[in-house]
1. What are the residues whose amide H is under 5 Å from the amide H of Met217, where those residues sit 5 or more places off or on another chain and H is modelled from the backbone?
2. Quick one: Debye curve from the alpha-carbon atoms of region 1-132 only, equal weights, vacuum; give me log10 I(q)/I(0) at q = 0.15, 0.17, 0.19 Å⁻¹ to two decimals.
3. For region 148-242, take N as its residue count and report Rg(C-alpha) divided by 2.2 N^0.38 Å.
4. Compute and list, largest first, the equivalent-ellipsoid semi-axes of the chain from the alpha carbon gyration tensor, each √(5λ) rounded to a whole angstrom.
5. I need the per residue convex hull volume for region 90-181, using only the alpha carbons, in cubic angstrom as a whole number.
6. So what J values fall out for region 59-72 if you push phi through Karplus, 6.51 cos²θ - 1.76 cosθ + 1.60 with θ = phi - 60°, rounded to Hz, Gly and Pro as x?
7. For region 37-53, what does the Karplus curve 6.51 cos²θ - 1.76 cosθ + 1.60, with θ = phi - 60°, yield as ³J(HN,Hα) per residue in whole Hz, taken in order and with x for Gly and Pro?
8. State, as an integer percentage, the relative contact order of region 130-202 based on alpha-carbon contacts under 8 Å between residues 6 or more apart.
Amino acid sequence: MTERASEIVKFDNVGVRYGADQEVLSDLSFTLYPGSFYFLTGASGAGKTTLLKLLYLAQRPSRGGIRMFGRDMITLPRADLPDFRRRLGVVFQDFRLIEHISAFDNVALPLRLAGVEEPRVLKAVHDMLDWVNLADRAQALPATLSGGEQQRVAIARAVIARPQLLLADEPTGNVDPEMALKLLRLFEALNARVGTTVVVATHDVQLIQQMPDPLIMRLHKGRLADPTRALRYPPARTRSPQPGRDPFSAEGAGGNGGQA
Ligand SMILES: Nc1ncnc2c1ncn2[C@@H]1O[C@H](COP(=O)(O)OP(=O)(O)OP(=O)(O)O)[C@@H](O)[C@H]1O
Ligand SMILES: [Mg+2]
């Protein structure tokens with residue numbers, strides 16, 4: 001099997017129930033291919049956040065098998081979880097910023113944890129905050145930021161260390177359409193330049209339409225439909241980066257960030 005065809009995520013008949021209630025996710029079997037960009041859609045309550053929680057290892061399935069990065073996640077020792085979490089970038093639906101440190105320090109955290117030296121951290125964070133139009137709010141505490149500003153900090157923090165897998169839960173729910181498009185371009189740049197596999201949960205149809213040939217995973221009442229057959233076959237091509245400068249282009253800041 002070629003490198004492109006191997007999976008980064010493989011679900012086999014996965015189900016999730018909370019407590020003794022009915023399953024909220026049922027019979028999920030799918031593969032996510034490395035370097036691909038997926039939209040996860042579905043009505044409110046369909047199970048998008050629950051599916052992302054399985055992917056960011058915050059929720060265990062009630063049944064079925066999950067493999068990620070070539071390892072069986074069901075039998076993975078708890079002690080190995082932090083190592084896997086470091087490969088992930090997560091934009092939480094409720095942001096989850098650290099409240100007592102500035103926007104700047106929130107975004108810097110993944111790079112500092114990865115041991116990137118401070119001059120490179122400063123440049124990378126500065127450039128990333130510039131991209132999300134928050135340069136003038138760098139020293140603000142999260143509680144003093146608007147919802148849309150907090151969301152942009154959460155996105156900057158999730159992408160800055162160039163994760164292998166980016167999971168974003170309604171990442172444009174609080175921003176205007178122009179900023180939503182700019183954030184989509186940021187995810188695309190991470191995908192095209194770094195090779196990050198991206199899953200964006202959204203019900204913003206207009207945003208999805210900005211992408212040619214989007215790969216779509218659609219949840220309906222806890223079951224997965226595959227309207228673009230993206231989950232059954234490896235996508236035929238990788239996307240080319242948009243021309244111009246972005247935080248992941250050679251001219252952009254950050255060096256090789258958390259992969260250092
Ligand atoms: N901790 C929980 N305990 C019990 N039920 C839950 C819990 N979390 C989610 N659910 C239920 O699971 C179902 C799926 O919820 P989930 O949050 O995954 O949906 P979603 O597609 O992300 O919705 P939204 O678009 O509103 O964010 C819903 O019926 C929800 O009420
Ligand atoms: Mg949700």
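Coordinate-derived values only; no laboratory data. Only a predicted model underlies this, so the values are computations on that prediction, with no experimental measurement involved. Methodologically, a virtual Cβ is constructed for each residue, glycine included, from the backbone with ideal geometry; neighbour enumeration extends over all protein chains shown.
1. Hits under the 5 Å cutoff: Phe39, Leu40, Thr41.
2. -0.92, -1.09, -1.21
3. Here the answer is 1.08, to two decimals.
4. 29, 20, 19
5. So the per-residue Cα hull volume is 91 Å³.
6. Listing the rounded values in order: 9, 9, x, 7, 7, x, x, 10, 10, 9, 6, x, 10, 6 Hz.
7. Rounded to whole hertz, the list is 10, 10, 9, 10, 10, x, 5, 4, x, 6, x, 4, 5, 4, 5, 5, 4.
8. 37 percent
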